[in-house]
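Below is one structure, written out as structure tokens; comments come after it.
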Amino acid sequence: MEKMEVKSLQVSGGGEPLFHKEIERIFDLIKGRVFSLNTFTTNGLLLNERLCDKLINITKKQITISLNFSNEKDYKRFHNTREKNFYRTLENIKCLVENKREKGVKNPKIALQLFVWDGAFGKLTYNTEMAYNLNVDILVFNPIFMYNNLSINIREKCKDFLKEVEEVLRKDEKELISSLLTPYPEINEEISKIRREKFPSKYKEWNVKEENFCSFEAICPFPWFLMHVKANGNVYPCCALLRPDFSPFGNAKENSLKYLWNSKNYSSFRKLFKTWLEKQRLYPYDYSLVPLPVQCMAQRACIMKTLPFLDDREFFKEMDSLCKKGAKLEEIKKRSRVYYFLKKLMRKIWD
């Protein structure tokens with residue numbers, strides 16, 4: 001990765017990293033490298049004092065614990081594990097939080113992820129109180145995208161759900177909640193409206209996320225600077241595309257990262273994005289023009305594309321302006337901070 005001038009490493013999605021038998025050695029190898037470990041996502045079950053210490057020391061921005069469910073029965077059902085592991089994970093989260101407190105550091109932030117689904121309907125306040133009791137820095141409410149049939153009541157009883165959302169946002173005095181999303185874009189828009197109109201002075205970071213999420217004219221920059229490698233070695237352009245109907249671009253156990261990055265699969269995928277970039281100015285809602293997954297093109301369909309730039313408002317404003325003016329791809333390339341950031345690595349791809 002250093003030879004490829006990789007700038008940051010994000011460990012998330014597609015498997016549990018702490019299951020790796022040499023994870024501690026991997027942590028030791030990462031420490032002191034040119035690239036940084038920006039984010040690390042884990043289910044937290046295998047955390048212990050030693051791993052907590054290493055994670056706090058090497059993670060730059062955020063450690064996310066995917067607890068996903070706020071009670072032992074749902075945790076057991078969906079994770080296919082024992083109920084006692086739910087309580088074990090809670091204790092491990094406390095250990096991680098305490099380790100950070102003892103070090104007296106501001107970062108990494110410790111985030112708790114819980115799912116928004118019918119089983120969480122009516123329990124958002126309880127879930128938030130759990131996060132408060134665990135003393136985490138961030139609470140993320142994410143939808144179960146792969147199991148949308150488990151969120152039917154949220155859609156059918158939307159008004160009741162939105163009332164609950166308003167109540168939980170009102171009670172969130174520490175502004176712990178960094179996002180609250182359902183599988184339904186129209187409901188997400190109503191949630192954003194509640195936050196903007198009812199609590200205009202709260203959730204500054206959420207404001208940045210939403211501004212970026214709604215901008216960039218649905219263009220996703222991931223194909224040009226991110227590679228997602230699963231635990232089995234399969235390579236994808238993004239963790240949001242870990243789906244049965246999307247084939248991997250190769251396997252990191254069989255080929256080098258450099259070979260895969262410049263492979264025909266990756267190049268073809270980037271060309272599709274370039275085609276969409278050109279056509280979406282004239283046909284912004286016709287997703288049949290390019291054979292890409294809809295969430296890669298549609299606005300508000302995938303939050304992943306904004307994550308690397310949440311703090312870079314100028315980047316999004318600049319790209320928005322260029323796209324709205326109908327700028328040519330070459331102009332976007334030259335002005336894009338992504339291009340300058342990785343221009344040496346990406347010169348062959350662009351050309």
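The values are calculated or read from the model by the stated rules, or taken from the named source; none is laboratory data. Remember, it's a predicted structure, so these values are computed and weren't measured experimentally. So basically every Cβ, Gly included, is an ideal-geometry build from the backbone, and we count neighbours across all protein chains shown. For accessibility, only protein heavy atoms count, side chains too; no ligands or nucleic acids. Shrake-Rupley method; radii C 1.70, N 1.55, O 1.52, S 1.80 Å.
Within the stretch 21-56, being open to solvent by 80 Å² or more (accessible area, probe 1.4 Å) and either closer than 20 Å to residue 112 by Cα or basic (Lys, Arg) (or both) holds for 21, 25, 31, 33, 49, 50. Report yes if some residue within the stretch 209-222 is among the small types (Gly, Ala, Ser) and modelled with pLDDT under 80; otherwise report no. The answer is yes, given that some residue of the stretch 209-222 is among the small types (Gly, Ala, Ser) and modelled with pLDDT under 80. Residue check: residue 99 meets all listed conditions (1) under 12 Å from residue 67 (Cα atoms); (2) in contact with a Cys (Cβ under 6 Å, 6 or more places away or on another chain) but one, namely (1). Is there a residue in the stretch 74-90 that is on the phi > 0 side of the Ramachandran plot, open to solvent by 30 Å² or more (accessible area, probe 1.4 Å), at pLDDT below 95 and not hydrophobic (A, V, I, L, M, F, W, C)? Yes, the conditions are met somewhere in the stretch 74-90.
Of all residues in the stretch 267-279, those that are under 13 Å from residue 249 (Cβ atoms) have Cβ atoms under 9 Å from Cβ atoms of residues that are of a type in the set (Phe, Trp, Tyr), 6 or more apart or on another chain, in 269/249; 270/224; 270/350. Where helices (runs of 4 or more DSSP H) sit wholly within the stretch 102-189, those with at least 1 residues that are within 18 Å of residue 43 (Cβ to Cβ) and touching a residue at least 24 places away in the same chain (Cβ under 8 Å) occupy 124-134. Of all the numbered requirements in (1) surrounded by 20 or more Cβ atoms within 10 Å (Cβ to Cβ); (2) touching a Ser or Thr at 6+ places or on another chain (Cβ under 8 Å), residue 18 misses one, and that requirement is (1).
Quick grid of which residues meet (1) within 26 Å of residue 239 (Cα to Cα); (2) crowded, with 20+ Cβ neighbours inside 10 Å; (3) at pLDDT below 95:
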| site | (1), (2), (3) |
| --- | --- |
| 128 | no, yes, no |
| 132 | no, no, no |
| 136 | yes, yes, no |
| 143 | yes, yes, yes |
| 152 | yes, no, yes |
| 161 | no, yes, no |
| 167 | no, no, no |
| 174 | no, no, yes |
